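Single-structure report; data block below.
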Amino acid sequence: MCLTFNPGSLRGVSGSCEKQLSSWMLDGQNHIQLQDYVTLVNPGVSQLCVRGDGRLLASAGWDHRVRVFGWKKLRPLAVLQYHTDMVLSVAFSDHQEPRQRLLAAGSKDQRVSLWSIYNQNADTC
């Protein structure tokens, strides 16, 4: 259903209609090697997005929630609840000032939510 890829680390994460996110890497011969997976509470992910600094991963869930994970180990960090229908897209802003970066989520409920998350101690990139 969806995937995101970090070309710097040759690492990607993919989501589907099932209850898991799969982490994988490309080896030297461009073969996909499954690394790990995270089991989700509810099935279905519409989109995945890695923040520009490579620290956070956001997922758009069919369960009306946005989930935030640490990129390195896919450790769950937050579940953002606002929408009343499935979340279809997520995107991080690339604002020059790291403390002003936002996460946007668009939903089938015809709303866009904006979130300021984990920006308090952001380093300058």
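The values are calculated or read from the model by the stated rules, or taken from the named source; none is laboratory data. Computed from a predicted model, the values in this text were never measured in an experiment. Note that each Cβ is placed from the backbone with ideal geometry, even for glycine, and that neighbours are counted across all protein chains shown. In case anyone asks, the SASA skips ligands and DNA or RNA and just uses the protein heavy atoms, side chains included. Shrake-Rupley method; radii C 1.70, N 1.55, O 1.52, S 1.80 Å.
When Cα Rg over 2.2 N^0.38 Å is calculated for this entry, the matching label among (i) 2.19; (ii) 1.08; (iii) 1.04 is (iii).
Averaged per residue, the chain has 59 square angstrom of accessible surface, using a 1.4 angstrom probe with ligands and nucleic acids left out. Shown in residue order for segment 96-108 are the 3J(HN,Hα) couplings computed by the Karplus curve 6.51 cos²θ - 1.76 cosθ + 1.60 at θ = phi - 60°: 4, 8, x, 6, 9, 6, 10, 10, 10, 9, x, 10, 5 Hz (x for Gly and Pro). The apolar share of the surface of segment 1-107, taken as the fraction of accessible area on carbon and sulfur atoms (1.4 Å probe, ligands and nucleic acids excluded), comes to 51 percent. Listed peptides 88-101, 24-37 appear in the order 88-101, 24-37 once ranked by packing, highest mean of other Cβ atoms within 10 Å at the front.
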